[in-house]
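Single-structure report; data block below.
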Amino acid sequence: MSEKQPTKPDHRSRPNNEQFKTFIASGWAPRPTDLPEQAEVARWTPARRAVVSEAFPGERLVMPAGGLKVRSNDCDYVFRPHTAFSHLTGLGADREPDAVLVLEPSEEGGHDPILYFRPLAPRDSEEFFADSRYGEFWVGSRPTLESMAAELGLETRHIDQLGDALAKDAGQVALRVVAEADADVAALVEKVRAESGLGTTEAQLTAAAEADAELARMCSTMRLVKDDWEKDQMRLACEGTARAFDAVVADLPEAKKRGRGERWVEGVFGLHARHHGNGVGYDSICAAGDHANTLHWIRNTGDLRDGDLLLLDAGIEVDSLFTADVTRTLPISGRFSDVQRRIYEAVYAAQQAGIAACRPGNRFKDVHAAAIRVIAEHLHEWGLLPEGVDVEATLDTDTGQYHRRWMVHGTSHHLGMDVHDCAQALREDYMDAELRPGMVLTVEPGLYFKADDQLAPEEFRGIGVRIEDDILITEDGCENLSAMIPSRADDVEAWMARILDGGA
Ligand code: GLY
Ligand code: MN
Ligand code: MN
């Protein structure tokens, strides 16, 4: 019988003799010992952590970054930390796989933040040259405990100490974990609970799961209102997104010529996203013609043709992970047809009504109510609602809603480090809550007439329009952070002419 194959064959050959190990560990310049300056975000993270600390006094709070995810075999996806971890530590793009932030209850009250992570390994370790996932030869040098502490302004410890730290005083200190961030760390917490007799019965397990969910909810809800640093990051994301939209317009002739123009548009936007920031904040929706009527069209395999519209829903995520989320619907030829313009202007009017409702004191759901009313009015005026159904009848949430056939989605969502930010907040803190200065939300009504929609006038079929902007609530109203990207029909045509023809 032949030798049994190991479950994971290893196709790499690694020198393993002692002479080689001594050789590869020697002859390097000393590692720099100077520490980095404290990151700007470190001035803001203590206040964020204080919110969580105050909500859960005396408890040990565990916020993992999450681990690397396998793409295939020994190739991982680019790392993205869990948003709660990133928000509370200030670590953004790519940082730091397997790290865990622990808020340790302190005797004086409050919590001490401690970041557990895998620091740079010494050059005489196997990891240095032989570990393709973490080793310096493979992924570059990581921070040391000291440099990370200097950068973030908090205490740092080796990840190997996490298990003991979580188990310390088990049974006396309650533990909560953002469980969805890292299954391994969640399992570690469960083990500590079980060993201390606190996580064994059905009732205890249910209570522990609810306690964890409460922590995750708090981490999500606390991001509803952005601090000044976060607002600046949102501005940066929107500015980059505006430049990327310019670049897409400039490259439309090339996209048309090449075929699979939707992919070309995705690539041009992605190039600018990767150059300006970390990348796109979500997969770009590059939808020409009837594809615009598929709300999450991210296959982007279609051609661009003069006479069609291109719906581009795309946003740049900056290195801190804050993302824009902007939609423009562009006439590929540079000029709207009369029918396209009629539909476009209805959506534009709805968006203006939604934006006008963006002010403190109004509720989040008032924005949708204002925009959808304008959508319903146009559909009624065009004779598309069923016989006998007027605007009020269709707006009735119990017996109407016929208009939703042509705009099935909501008008707004919170925006920030996640494109659908604060998603775990309760309805009372989100939908039903009053808008407050510092909130950022999208306003993105649309009208979608599918090519096979026999209730739509023939001339409407195959036209889909959405206009989406990123709106910051201010003390007395709002500021449109993406307003530099033209959106009024005439302005869109003039913008495109300026870029494509060098004039209007
Ligand atoms: N881009 C996804 C959205 O607009 O919600
Ligand atoms: Mn959106
Ligand atoms: Mn969008």
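Derivation of every value follows stated rules applied to the coordinates shown; laboratory data play no part. What you see is a predicted model, and the numbers here were worked out from it, not measured in a lab. A quick note on method: Cβ atoms are made from the backbone with ideal geometry, for glycine too, and the neighbour counts reach across all protein chains shown.
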Please give the contour-minus-distance gain from D452 to D246: 0.36 nm per residue of separation, less the Cα-Cα distance, rounded to one decimal in nm.
70.9 nm
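Please get the size of the charge dipole for the stretch 1-80, origin at its Cα centre, with Cβ charges of +1 on Lys and Arg and -1 on Asp and Glu, quoted in debye to the nearest 20. Numbers along the way, then the final one.
Working: 13 positive and 10 negative charges, 47 e Å.
With Lys and Arg at +1 and Asp and Glu at -1, about 220 debye.
Over all pairs of distinct alpha carbons, what does the Kirkwood formula give as the hydrodynamic radius of the stretch 323-416, in Å?
On the way: mean 1/r = 0.0686 Å⁻¹.
When all Cα pairs of the stretch 323-416 are included, the Kirkwood radius is 14.6 Å.
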Taking the mean number of other Cβ atoms within 10 Å as a proxy for protection, how do you rank 244-256, 24-36 from highest to lowest?
244-256, 24-36
Once label points are set 7 Å from the Cα along Cα→Cβ at both W229 and D338, what is their separation, rounded to one decimal in nm?
5.6 nm
Once the mean 1/r over all distinct Cα pairs of the chain is inverted, what Kirkwood radius in angstroms do you read off?
25.6 Å
Give, in nm to one decimal, the length gained when the segment between M484 and R14 is fully stretched (0.36 nm per residue of separation minus the Cα-Cα distance).
163.8 nm
Using a 4.7 Å Cβ cut-off, which Cys residues in the chain lack a partner cysteine?
C75, C219, C238, C286, C422
What aspartates and glutamates could a cross-link reach from K21, if we take a straight Cα to Cα line under 14 Å and drop same-chain neighbours fewer than 8 places away?
D124, E126, E127, D131
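Quick one: grab the alpha carbon gyration tensor of the stretch 364-442, order the square roots of its eigenvalues as a ≥ b ≥ c, and give me rounded if a/c is under 1.5, else prolate or oblate depending on whether a/b is larger than b/c. Can you show the working numbers first?
Values: a/c = 2.73, a/b = 2.41, b/c = 1.13.
Prolate, because a/c is 1.5 or more and a/b exceeds b/c.
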7 Å from Cα along Cα→Cβ at both D34 and V51: what's the point-to-point distance in nm?
3.6 nm
Kyte-Doolittle mean at least -0.5, axial Cα span of 15 Å or more - DSSP H helices of the chain:
45-55, 183-195, 202-221, 228-250, 338-356, 364-381, 489-501
Output the Cα-based Rg and Dmax of the stretch 354-503 in Å, rounding Rg to one decimal and Dmax to a whole number.
17.3, 52
Expressed as a whole number of Å, what is the distance separating the alpha-carbon centroids of the stretch 23-82 and the stretch 178-249?
15 Å
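Measure up K69/K226; K231/K257; K69/K450 against 32 Å on the Cα-Cα distance and list the ones that go over.
Working: K69/K226 29 Å; K231/K257 39 Å; K69/K450 37 Å.
Violating the 32 Å Cα-Cα cut-off are K231/K257; K69/K450.
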Using the count of nearby Cβ atoms within 10 Å as a rough guide to exposure, how do W229, W138, W264 rank from fewest to most?
W138, W229, W264
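Give, rounded to the nearest 20 debye, the magnitude of the charge dipole that the stretch 412-473 has about its Cα centre when Lys and Arg contribute +1 at Cβ and Asp and Glu contribute -1 at Cβ.
Dipole about the Cα centre, nearest 20: 40 debye.
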Near-label residues of the stretch 413-432 by backbone N, under 20 Å of a point 7 Å along Cα→Cβ of E210
424-429
How big, in percent, is the set of alpha carbon pairs in the stretch 98-188 lying more than 23 Å apart?
34 percent
Rh (Kirkwood, all Cα-Cα pairs) for the stretch 220-332, Å, reads 14.2 Å
By its C-alpha gyration tensor, with a ≥ b ≥ c as the square roots of the eigenvalues, how is the stretch 302-374 shaped: rounded for a/c under 1.5, else prolate for a/b larger than b/c, else oblate?
oblate
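Kirkwood Rh and Cα-based Rg: tell me the resulting Rg over Rh for the stretch 239-396, rounded to two decimals.
Details: Rg = 17.6 Å, Rh = 17.1 Å.
Using only Cα positions, Rg/Rh for the stretch 239-396 is 1.03.
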Sorted by Cβ density within 10 Å, fewest first, the residues T156, T221:
T221, T156
